[in-house]
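Please treat every number below as a calculation from the coordinates, not as lab data. These numbers were taken from a predicted model, which means no experiment stands behind them. Quick reminder, even Gly has a Cβ in these numbers, built from the backbone with ideal geometry, and neighbours come from all protein chains shown.
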Amino acid sequence: MTNSIDEIAGADLILAIGTNTTEAHPVISLRIRRAIQRGAVLVVVDPRKTELAELAHIHLQIKPGSDIALLNSMAKVILDENLWDKEFVESRCEGFEELVEAVQGYTPELAEELTGIPADSIRQAARAYATVGKATLLYTMGLTQHVCGTDNVLAAANLALLCGQIGRESTGINPLRGQNNVQGACDMGALPQFLAGYQPVADETCRKKFSEAWGGPIPDQPGLTVGEMMQAAIRGSIKGMYIVGENPVISDADANHVEKALNNLDFLVVQDIFLTETAKLADVVLPAASFAEKDGTFTNTERRVQRVRQAVQPIGNSKADWQIICALAEALGLPMRYQNPEEIFNEMAALTPSYAGIRYERLEKEGIQWPCPAADHPGTSILHQEKFVRGKGKFHAVAYLPPDELPDRQFPLVLNTGRRLFHYHTGSMTLRTDLREICPTEQLDVSVHDAQCLGLNQGDRVKVISRRGEVEMTVRISETVPRGMVFASFHFPEAAINKLTNHARCPKSNIPELKVCAVRIEKV
Amino acid sequence: MSDITCTINDKSVTVPRGTTILTAAAMLGIDIPTFCHDPELSRYGGCRICVVEVKGWGQLPASCVTEVREGMEVYTESEKVLEARRTILELLLANHPDDCLTCEKTGACRLQEYAYRYGVRKGAFPGACHAYPVEADNPFIMRDMNKCILCGKCVRVCSEVVGRSVIDFSFRGFHAKVATPLDSGLLNAGCVFCGSCVEVCPVGALTEKQRIGKGRPWELDSVTTTCPYCGVGCQINLLVKEGRVVGANAAGHGVNGRHLCVKGRYGHGFIHHPERLTNPLVRKNGQLHEVTWEEAIQEVVRRFGRIKQEYGGQAIGVLASARITNEENYLLNKLARLVLGTNHIDHCARL
């Protein structure tokens, strides 16, 4: 997030795109509610009538995958009606002409055709966003999990730059991250092209800094992303994998393809707290300690580094992941010896400028938001206040791109996937708690209209079939999904919806298009 | 806004206009008992336990809703005040089950605390008692309305903070009760089981089903940590007894304050789940078998060593994790690039 969670409550307008906040980030939704109580306007962009959409003053019920058409059209309205922030664009941005040219064709009427949103609603939302004092833009995977995911985010960023809705309190572009430490994992260099602190591995100076500190050479070519690794495993160029605390057989797009890839490996090690569906395929399974059994830090969605503290001893002979990694390194001939996680943190902070000023003792009472470059720096709650990291904020010309797989005769419905309130990710944790009692299985949300056309009743068992696989589920007739769309979560291994999803990916970020694929339904 | 100076228990205090007597007293370190007051919720003034004496006033005002005025002389523990509080407690106890021995709230119950503080016992006002069935239609929240003192904090937190309004006062007089629509239980009322109502309940009316019989408040160690679910990073306390996590609550600070979602508050049963992996496993003849750590590590080293030798480090891929700590991700990054010699490291950031 460019801004902080608390600031959401102070916004005059919240533009929430593709985020089912009340279910996926319930505590953030409390801030949204507070903003509404204060009189803020809530604009929700979502194909589904989520609870957040029900709260919205303006719900733009978008056709899945058409966000760029909407956002470009909003930019055009703002330009045409002269509502943009000339001073901000002039002094802080570059590439304005490219933006003007790129959005020129996106009249609200054209956007209406592409998005299904009435042209006047687009105008209304655009005017509201541009004219309020403080507008905050929130988004989640509904915006990003598309073949045009990166461009979607750039289109949203264009809007914020155009209206000067960034770099101030209660504004900004704020992705709500879905996992406890997904921000931290990215910060720590668990990405193929970056070392810790987003220092490019292809950059010789950065590489040299790390290899000197670590005492050995680092390969210079950026590596493969998850999806590319799976393809490489099928091709046979990746022979072995070490998977820690992930369950790609359930979580990744086109799960059958993932399973095939993992089965094709010569050797697979999985490190986890349970024998997950992925661990079941492994040659070696290493038992890890859970978050309650170790010390360390997580970094949340607002870049706040916070302590994790050990409450109980590791279960059985399980060990903290850091201890397992150290044992492996030692056995592989390059000893890594640390007394405790704090020592690791300090080594990392010395190599990572945005974490340089953070120490455990500073985190004792509350977390610190990076960048925190020095021991006396208080941390940064709002990014890009004086200038952008790259200097000027750059407008990017982006164009509408339809989803990779649209419904056709054979597969007439769109399958959308996401999360439910009572469960989390691949269910390996929540399905082993009392949460299972209250939400025991996954159900397929089907619109009243489609249920009628297909002769489906509440509770009917159906097969949901895509070009890549099929799963059996129970039907829930729901007003949350529009006609032509069905929705299910990926929490339940027995209804592994990712067997159906499309592995087509955004060429820039490699994110799979999990929000749109074509399916058909057959009664069992 | 101009400041106001008044005296409380003969101590002088200067506060901004609009400050309540309760808040002004707190600034002087004077504790006034409250049931229905909560700084995060709207002012209510319903329970009257916080009454104080103001010189020159005929009645005892509720300090949680009465704002200080210039020159006001307030006494928080005068004889009149103590008598009023004792009567209020006697009235509350008249209709309260005598259940402190087994009540989950014992040790953290305000009614118990104040009854002890003011030396009040049950029995001053014999009369009818409620006999509501205990509501336990869900795995998380037990509602025993026999113990409810109608402070209304649960009603206000559900409406004002959580924004769901699944409970409200229903019925009148002696029959007044906090209930769901049509009194049909939380499950049918659209409750999301965030537990904020339990968090604010001052007595044993709302308790956590998971924690029944699992330990008294004074037996529990509380360890503040970060929730392991979504990316909000709520601060939670894990409650530990004899080496086991028996529950969790909100830490009261951080991004979440006293609030959590159902997963963060009630989703920790996985920690001690019998299916936790307790020993390393190695596949032999197609089956995974438990082995020692030494054997498992040697197997990994042997197999990765062979792949690295035959095909180079680039034939190995590592998936780090959005679930493990920063320190562990950093080490994985180091292990992959330095030890295994591969930049193929990624995690589920795109999922």
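Taking chain B on its own, what percent of its Cα-Cα pair distances exceed 31 Å?
Details: 31746 of 61425 pairs.
Result for the distance tail: 52 percent.
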Q: Place a +1 charge on the Cβ of each Lys and Arg in region B:214-276 and a -1 charge on the Cβ of each Asp and Glu, then give the dipole magnitude about the Cα centre in debye, rounded to the nearest 20.
A: 140 debye
(Q) Could you tell me the extents of region A:346-465's C-alpha atoms along the three principal axes, largest first, rounded to whole Å? (A) 66, 47, 23
**Q.** P(r) of chain A over all Cα-Cα pairs, binned every 10 Å from zero, in whole percent
**A.** 4, 17, 27, 28, 18, 6, 0
**Q.** Distant-in-sequence amide H partners of A:Gln179 (H built 1.01 Å from N, under 5 Å)
**A.** B:Gly231
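With respect to the cross-link table entries A:Lys63/A:Lys499; A:Lys134/B:Lys263; A:Lys49/A:Lys463; B:Lys147/B:Lys209; A:Lys209/A:Lys319, which display a Cα-Cα separation exceeding 27 Å? Numbers along the way, then the final one.
On the way: A:Lys63/A:Lys499 23 Å; A:Lys134/B:Lys263 32 Å; A:Lys49/A:Lys463 24 Å; B:Lys147/B:Lys209 16 Å; A:Lys209/A:Lys319 31 Å.
Long pairs (Cα-Cα over 27 Å): A:Lys134/B:Lys263; A:Lys209/A:Lys319.
If R0 is 30 Å, what FRET efficiency do you get for A:Val448 and A:Leu110 from their C-beta distance, rounded to 0.05? Provide the component values of the computation, followed by the final result.
Numbers: r = 30 Å, r/R0 = 1.00.
Taking R0 as 30 Å, the efficiency between A:Val448 and A:Leu110 is 0.50.
Within a 10 angstrom radius of the beta carbon, how do A:Ile465, A:Ile32 rank from fewest other beta carbons to most?
Numbers: A:Ile465 19, A:Ile32 27.
Starting with the residue having the fewest Cβ neighbours, the order is A:Ile465, A:Ile32.
Quick one: putting +1 on the C-beta of Lys and Arg, -1 on the C-beta of Asp and Glu, what dipole do you get for region A:227-314 around its Cα centre, in Debye to the nearest 20?
Working: 9 positive and 12 negative charges, 64 e Å.
The calculation lands at about 300 debye.
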Q) Which percent of Cα pairs goes in each bin when the distances of region B:3-77 are cut into 5 angstrom slices starting at zero? A) 3, 19, 32, 27, 16, 4, 0
**Q.** DSSP-defined antiparallel bridges as percent of all bridges, the protein assembly as shown, nearest 5
**A.** 55 percent
Q. Using Cα pairs under 8 angstrom and six or more residues apart, how large is the relative contact order of chain B, in percent?
A. 10 percent
Q. What relative contact order, as a whole-number percentage, does region B:3-77 give when Cα pairs under 8 Å and 6 or more residues apart are counted?
A. 41 percent
Q: Mind giving me the FRET efficiency for A:His396 and A:Ala202? R0 is 22 Å, r the Cβ-Cβ distance, nearest 0.05 is fine.
A: 0.50
Q) With Rg and the Kirkwood Rh both taken from Cα atoms, where does Rg over Rh land for region B:121-226? A) 0.99
**Q.** Residue-by-residue Karplus 3J(HN,Hα) for region B:35-42, coefficients 6.51, -1.76, 1.60, Hz, glycine and proline x
**A.** 10, 8, 7, 8, x, 8, 10, 5
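In debye to the nearest 20, how big a dipole does chain B give about its Cα centre with +1 on each Lys and Arg Cβ and -1 on each Asp and Glu Cβ? All intermediate terms of the calculation are to be shown ahead of the outcome.
Values: 41 positive and 37 negative charges, 153 e Å.
Here chain B has a charge dipole of around 740 debye.
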Q. Once amide H atoms are built 1.01 Å from N in the peptide plane, which residues 5 or more positions from A:Lys394, or in another chain, come under 5 Å H to H?
A. A:Glu94
Q: Return the subset of B:Lys122/B:Lys241; A:Lys294/B:Lys334; B:Lys80/B:Lys122 for which the Cα-Cα distance in this structure is over 23 Å, preserving the input order.
A: B:Lys122/B:Lys241
Q: Apply the Karplus parameterisation 6.51 cos²θ - 1.76 cosθ + 1.60, with θ equal to phi minus 60°, to every residue of region B:344-349 and state each ³J(HN,Hα) to the nearest whole Hz, in sequence, with x for glycine and proline.
A: 6, 9, 7, 8, 8, 4
Q) Given Cα pairs under 8 Å that are at least 6 residues apart, what percent is the relative contact order of chain A? A) 17 percent
Q | Calculated from backbone phi, Karplus (6.51, -1.76, 1.60) coupling profile of region B:89-95 in Hz, x at Gly/Pro | A | 5, 4, 5, 5, 6, 4, 10
(Q) Rg/Rh for the protein assembly as shown to two decimals, with Rh computed the Kirkwood way over all alpha-carbon pairs. (A) 0.99
Q.
Given the C-alpha atoms of region A:413-523, compute the convex hull and give its volume per residue in Å³.
A. 102 Å³
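Rank these for me by crowding, A:Ile243, B:Ile4, going from fewest to most other beta carbons within 10 Å. Show your work: numbers first, answer last.
Values: A:Ile243 27, B:Ile4 19.
Least to most surrounded, the residues fall as B:Ile4, A:Ile243.
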